[in-house]
Each structure stands twice: as structure tokens, then as C-alpha cells.
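Trainee: My questions all concern the structure below.
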Amino acid sequence: MKIKAIVFDFNRTLYDPDADSLVPGALQALEDLSRKYPLVLYSKKGEGRDERIAELGLPRFFKKMVAVESKSGKDLESVARELGIKPQEIVVVGDRVRSELRAGREAGCATIWFRRGKFSQEGPEKPGEEPGCEITGLAEIAGAVEKMSAA
């Protein structure tokens, strides 16, 4: 299925809260990918989160930004409807198999596990939670998305 949109988790995927800075390669990846795909920022609500996202200059890359109390497949189904595409045409990129990637799988989206940092050893808990692929650097997303689209 051809990928038509990319959903990014915020915390620890694009932004490192421990270093209070963007993850290495985040700006370049967003710059490159936003030329080819509509991007969506998918984040849990948090104190000062919207302000921090704005300070980092990220809103310009995203067609839509979604902040939720708890991540679920229904969020991504709603994003797909708003974009006028099927959930299967979305890839969700995140660092947590048991959070945004689980939500992606629930909705029928493709998933990419950004296996880095705090949750890099937190694998799937049950069958069906396995990510579509794993990357260790944001520069790898474009190639992973192309492979998924060709499959």
C-alpha cells in the first residue's frame, strides 16, 4: 500500500526532553519529508507542550497537530478521515511500541519504531504489536517509507 502521510510522535522521537533539544537529524528529516508527504504531529497533552513545539519552530512542517490524553487507534482513524486517505496509507513513527505504535496498529497504519533512547528495549507485549520496521536514526525514515510503499 502506498504511504500518503506520516504521523510523528513528539516526545523522544523528535524532541529529547532530557537534553531539552530536538533529536539529532529531526529538522533535516522534517524538512525533507514535508516536501513529499503531509506530516502530522501526534503528542500527549502536556504542560507547556504547545509552546515548546512552537519555540522549536516545528508547526511549519505539520499539516495537522493532534494532542491527546491517551493515544489510541481512533485518533489515527480520525486523522486519516481528515486527510481523505485510508489508515493503511499512513505510517506512524515513534519511539514507543506500547503507545503510538500500538495506536497505529489498532488503526491499521504502517509503523516505524525509532529504536533509540529510554524505550529502545521496551518491545511488544503481545502479538500484533510488532512494528513494521525499526530504525535507529531519523535519516532512515525516507528509505523505510519507500520500501513500505513498494511492498
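The values are calculated or read from the model by the stated rules, or taken from the named source; none is laboratory data. Being a predicted model, the structure only gives us computed values, none of them experimental. Note: ideal-geometry Cβ built from the backbone for every residue, glycine included; neighbour counts use all protein chains shown.
Trainee: Take Asp9 and tell me if it is surrounded by fewer than 19 Cβ atoms within 10 Å (Cβ to Cβ) and closer than 17 Å to Val91 by Cα.
Mentor: No: the conditions fail for Asp9.
Trainee: Sticking with this one: Spot the failing condition for Phe8; the list is (1) assigned to a helix (DSSP H, G or I); (2) under 18 Å from Arg115 (Cα atoms); (3) not acidic (Asp, Glu), and only one is missed.
Mentor: (1)
Trainee: Something else now. For Leu27, which of the numbered conditions (1) free of Cβ contacts under 8 Å to residues at least 40 places away in the same chain; (2) exposed (fewer than 15 other Cβ atoms within 10 Å of the Cβ) fails to hold?
Mentor: Going through (1) free of Cβ contacts under 8 Å to residues at least 40 places away in the same chain; (2) exposed (fewer than 15 other Cβ atoms within 10 Å of the Cβ) one by one, Leu27 breaks only (2).
Trainee: Identify, by number, the condition in (1) at pLDDT 95 or above; (2) part of a loop (DSSP other than H, G, I, E, B); (3) over 17 Å from Ala29 (Cα atoms); (4) not acidic (Asp, Glu) that Leu76 doesn't meet.
Mentor: Looking at each condition in turn, Leu76 falls short on (2).
Trainee: Do you know which of the residues in segment 112-151 that are among the β-branched types (Val, Ile, Thr) and in a helix (DSSP H, G or I) is surrounded by the most Cβ atoms within 10 Å (Cβ to Cβ)?
Mentor: Out of the qualifying residues, it is Ile141.
Trainee: Could you list, in sequence order, the residues of segment 67-101 that are in contact with a helix residue (DSSP H, G or I) (Cβ under 7 Å, 6 or more places away or on another chain) and surrounded by 19 or more Cβ atoms within 10 Å (Cβ to Cβ)?
Mentor: If the condition is that a residue be in contact with a helix residue (DSSP H, G or I) (Cβ under 7 Å, 6 or more places away or on another chain) and surrounded by 19 or more Cβ atoms within 10 Å (Cβ to Cβ), then Lys71, Asp75, Leu76, Ala80, Pro87, Ile90, Val91, Val92, Val93, Gly94, Asp95, Arg96 are the ones that fit.
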